[in-house]
Amino acid sequence: MRSFTYMIEDELGIHARPAGQISKLAKEYLDTVITVTKDGKTARTTQLMRLMNLGVKCGDEVTVAADGPHEAEAIAAVQKFFQNNL
């Protein structure tokens, strides 16, 4: 399992558009489970509504984890997305 912690900088947090983009990106790694955790609540990135229901706002710290055969590639891709978009 690989993970990283990230402080959300986007003023709107993880709303519909970035949640959809994260979900789409995660579906490229279907054999690897990618999750986002905030305040003890975890959602798989492929579950769009659960991801949005985490209520991630600007200034929140989240932990993103990947577990599976392609976890290194998956976590690198998701981390790049967070840095460029959130």
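Values quoted throughout were computed directly from the atomic coordinates according to the rules given, and no laboratory measurement underlies them. Computed from a prediction, not measured in an experiment: that's the story for all the values here. Cβ: placed from backbone, ideal geometry, glycine included. Neighbour counts: every protein chain shown.
Summary table below
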{"quantity": "0 to 90° range, to nearest 10: angle between helix 16-26 axis and the chain longest Cα axis", "calculated": "10 degrees"}
{"quantity": "Net charge of Cβ neighbours under 14 Å - reference Lys57; Lys, Arg +1; Asp, Glu -1", "calculated": "-4"}
{"quantity": "Surrounding net charge for Asp67, when Lys and Arg each add one and Asp and Glu each subtract one, Cβ distance under 14 Å", "calculated": "-1"}
{"quantity": "Alpha-carbon centroid distance for the pair segment 47-80 / segment 1-20, whole angstrom", "calculated": "7 Å"}
{"quantity": "Estimated [θ] at 222 nm from DSSP helical runs (n ≥ 4, -39500 (n - 2.57)) normalised by residues in the chain, nearest 500", "calculated": "-10500 deg cm²/dmol"}
{"quantity": "Cα centre as origin, Lys/Arg/Asp/Glu Cβ charges: the chain dipole, Debye", "calculated": "260 debye"}
{"quantity": "Relative contact order, percent, the chain [alpha-carbon distance under 8 Å, six or more residues apart]", "calculated": "45 percent"}
{"quantity": "Proximal aspartates and glutamates to Lys41, defined as alpha-carbon separation beneath 16 angstrom and excluding residues fewer than eight positions away on the same chain", "calculated": "Asp60, Glu61"}
